[in-house]
Amino acid sequence: MRVDVVPDEAALAVRAADIICDVVRAKPEALLGLPTGATPIETYRELERRAAAHDADFSRATAFAVDEFAGVATDALGTNRAFFDRYLNVAFRALRCPDAATTHPGSHIRAFADEIRRSGGLDLCVLGIGVNGHIAFNEPGSARDSRARAVALTPASRNAHAEAFGSLDRVPVSGMTLGVADLLESRRILVLAQGPAKAPIVHAALRDHQGAEVPATWLQSHSDVTWLLDGAAASLLSGARE
Ligand code: GLP
C-alpha cells in the first residue's frame with residue numbers, strides 16, 4: 001500500500017490525473033471505475049483539460065460508476081448520472097452508470113457488475129471515502145465478500161447529499177453499489193481524500209484492523225492500492241510520505 005501526500009486540492013487533482021492518464025496510456029481500452037462526490041471534481045476537470053489539449057485520449061477507455069442512487073428518475077438532480085453529466089466532460093468510449101430508475105435495483109446492479117467482469121475487469125478503480133468509512137455505497141457493516149447489491153443508505157450518507165437533491169426528503173433511501181469484493185477485484189485502486197474532516201477516517205482506514213465497521217479497511221488486503229491525500233486528510237498519520 002502506498003500513501004502519497006500532496007499539499008493541496010490542486011496538487012491532488014494533478015497527481016490523480018497523472019495516475020489515471022498513465023493507466024489509459026499503457027492500455028487505451030482500459031476499464032476505469034469512477035466515484036462521485038466533491039473530492040474527484042477537480043481531478044475530473046484536470047482530465048477534461050488534458051483531453052482538450054490532446055495530452056490524453058480516453059476515446060477507447062470505458063468508465064463505470066461505482067454506485068448510484070435507486071428509486072429516482074435516471075437523470076434527476078443529485079443522481080450520479082447527473083453528477084457525471086455535469087462534472088466529467090471527457091469523451092470516453094462509454095460512461096456506464098447504473099440506472100437509478102430501475103424497478104429491480106438488486107438484479108440491475110448485479111448485471112452491471114457482471115458486465116464489468118465479462119469486459120475483463122477494472123484496470124483502475126478510483127474511490128473516495130465517506131466520513132463513516134464507506135467506499136462506493138458499501139456502508140458500515142459491509143463484509144469483505146459483499147457483492148454488487150441494493151443497499152439502504154445511512155442517515156449520514158443521505159445528509160451528505162441533501163444539497164445535491166435540493167432537500168433531505170428528496171434524497172433516495174436506497175442505492176446500488178459494487179460490493180467490496182467487486183472493488184477488490186480491480187487490478188489497481190486509487191483512493192482520494194482531502195480536507196480535515198476526512199483525517200480521522202483516513203487514519204482508521206489505514207491503521208485499524210480490517211473489519212466491516214469501517215469498510216475502507218478492507219482495502220488493506222489489496223496488493224496495489226494508492227492513497228492520495230492532501231496534508232489535511234493525512235494530518236493524523238505519522239510517517240506518511242510527501
Ligand atoms: C458518496 C459516494 C462515494 C464517495 C463518497 C465521498 O456518497 N457514494 O462514492 O466516494 O460519498 O464523497 P465526498 O468526496 O463528497 O466526500
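The values are calculated or read from the model by the stated rules, or taken from the named source; none is laboratory data. For clarity, every value in this text was computed on a predicted model and none was experimentally measured. Glycine also receives a Cβ, built like all others from the backbone with ideal geometry; neighbour counts cover every protein chain displayed. For the accessible areas, the whole protein counts, side chains as well, though only heavy atoms, and no ligand, DNA or RNA atoms are used. Shrake-Rupley method; radii C 1.70, N 1.55, O 1.52, S 1.80 Å.
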Rounded to whole Å and sorted largest first, list the principal axis extents of the Cα atoms in the stretch 105-242.
-> 44, 39, 22
If you roll a 1.4 Å probe over the stretch 28-171 with all protein chains in place, what percent of the accessible area is carbon or sulfur?
-> 50 percent
Roughly what % of DSSP beta bridges within the chain run antiparallel, to the nearest 5?
-> 30 percent
Quick one: length gained pulling residue 118 to residue 207 fully straight, 0.36 nm per residue minus the C-alpha distance?
-> 28.6 nm
Compute the Kirkwood hydrodynamic radius of the chain, taking the inverse of the mean of 1/r over all pairs of distinct Cα atoms, and give it in Å to one decimal.
-> 17.8 Å
About the Cα centre, charge dipole magnitude for the stretch 1-53 (Lys/Arg +1, Asp/Glu -1 at Cβ), debye = 160 debye
The answer for the chain, counting only DSSP H helices whose Cα atoms cover 24 angstrom or more along the axis and whose Kyte-Doolittle average is 0.5 or greater, is 9-26
When ligands, DNA and RNA are left out and all protein chains stay put, how many square angstrom of accessible area per residue does the stretch 2-230 have with a 1.4 Å probe?
-> 42 Å²
Percent of Cα-Cα distances greater than 18 Å, calculated over the stretch 192-240 = 25 percent
Give the accessible area for residue 235 in Å² (nearest 10); use a 1.4 Å probe, count only protein heavy atoms, and leave out ligands, DNA and RNA.
-> 80 Å²
Ordering of 75-82, 142-149, 52-59, 127-134 by burial proxy (mean other Cβ atoms within 10 Å per residue, highest first) | 127-134, 75-82, 142-149, 52-59
In nm, spacing of pseudo-spin labels at residue 49 and residue 144 (7 Å Cα→C-beta vector) = 4.0 nm
For peptides 8-17, 190-199, sequence by mean Cβ density within 10 Å, most packed first | 190-199, 8-17
With only Lys, Arg, Asp and Glu charged, each at its Cβ (+1 for the first two, -1 for the last two), find how big the charge dipole of the chain is about the Cα centre; round to the nearest 20 debye.
-> 380 debye
Gain upon complete extension [residue 75, residue 93; 0.36 nm per residue less C-alpha separation] | 4.5 nm
Reduced Cα scattering model of the stretch 10-89, Debye log10 I(q)/I(0), q = 0.20, 0.27 Å⁻¹ = -0.91, -1.39
Hand me the chymotrypsin sites (Phe, Trp or Tyr not before Pro) from the stretch 100-175 located in a DSSP loop with no more than 12 other Cβ atoms within 10 Å, in residue order please.
-> none
Whole Å is fine, so just give me how far the alpha carbon centre of the stretch 148-223 lies from that of the stretch 60-133.
-> 15 Å
The chain - mean residue ellipticity at 222 nm from DSSP helices (-39,500 (n - 2.57) per run, n ≥ 4, rounded to 500) = -9000 deg cm²/dmol
